[in-house]
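The values are calculated or read from the model by the stated rules, or taken from the named source; none is laboratory data. Computed from a prediction, not measured in an experiment: that's the story for all the values here. Here the Cβ positions follow ideal geometry from the backbone for every residue, glycine too, while neighbour counts run over all protein chains shown.
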Amino acid sequence: MQYSISCDFDGTITLADTVDAVLTRFAEPEWEAVEADWIAGKFGSRECLAEQTKLLRVTPDALDAFIDTIEIDPDVKGFFDECLLAGIPLSVVSDGYDWTVRRVLAKAGIRGVPIVANRLVHMGEDRWTARFPHSAQNCGSGVCKCATVNAPTQLIHIGDGRSDACVSNMVDLVFAKGSLLKNREAAGLPSIGFETFAEIRAALPVLATLVPAPVAEPAQRIA
């Protein structure tokens, strides 16, 4: 049976969270207080990112130069290429900035992949705003990842964190690392743990036998 893959960006494709990196480098210090309120559950990631983006103070050229220093998993390009050759539908679904996602992927030579992310809009000089074309009613996230998985195929999600938790409960197979893997292990939810895309690339030939996971069982490592 055909399957499709949705892949998180920050901390999954990249080696670090790019939103945090951009804010740390270019935002007014108040962004950290907004972050603390989000972590405490006072509001969702959409409101958090909207307020933090207002605090950015950077020109587009300086932002692009910084983005070009961001490191990615060295096997991401090979993974995307192999999915393309195999005819596997693949999209990048991120609760971060589309500006960053597009530039990082383009620099890596990854093109033609659908991207779902929050829109970072330059307002002139060093000011910015965030817009949320992929949000959903009754969802506090900027990008409602659950709304992206409505497809007549078996579904695989690759992720690492908080924004991946809900969608991971809706798909047939989850490749997880970081806090996503820890939380799914604690809840007894099925996942395949990974550290690098080299491990996921190795699993591509046998994905048809892995999807779907028939029963909930502890997370496993790729052999």
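Structure notes:
- From Arg119, Arg102, Arg111, residue being surrounded by fewer than 22 Cβ atoms within 10 Å (Cβ to Cβ), part of a loop (DSSP other than H, G, I, E, B) and among the charged types (D, E, K, R): Arg111
- Of all the residues in region 122-136, those that are crowded, with 17+ Cβ neighbours inside 10 Å and touching a residue at least 24 places away in the same chain (Cβ under 8 Å) number 4.
- Residue pairs whose Cβ atoms lie under 6 Å apart, separated by 6 or more positions or on different chains, with the first residue in region 157-176 and at pLDDT 95 or above and the second part of a strand (DSSP E or B) and surrounded by fewer than 23 Cβ atoms within 10 Å (Cβ to Cβ), are Phe175/Ile192.
- Whichever residue in region 29-80 is among the basic types (Lys, Arg) and assigned to a helix (DSSP H, G or I) and, among such residues, is surrounded by the fewest Cβ atoms within 10 Å (Cβ to Cβ): Lys77
- Region 62-84 - residue that is β-branched (Val, Ile, Thr) and under 30 Å from Arg127 (Cα atoms) and, of those, farthest from the chain's Cα centre (by Cα): Thr69
- Here Ala202 meets each of (1) touching a Ser or Thr at 6+ places or on another chain (Cβ under 9 Å); (2) at pLDDT 80 or above with one exception, condition (1).
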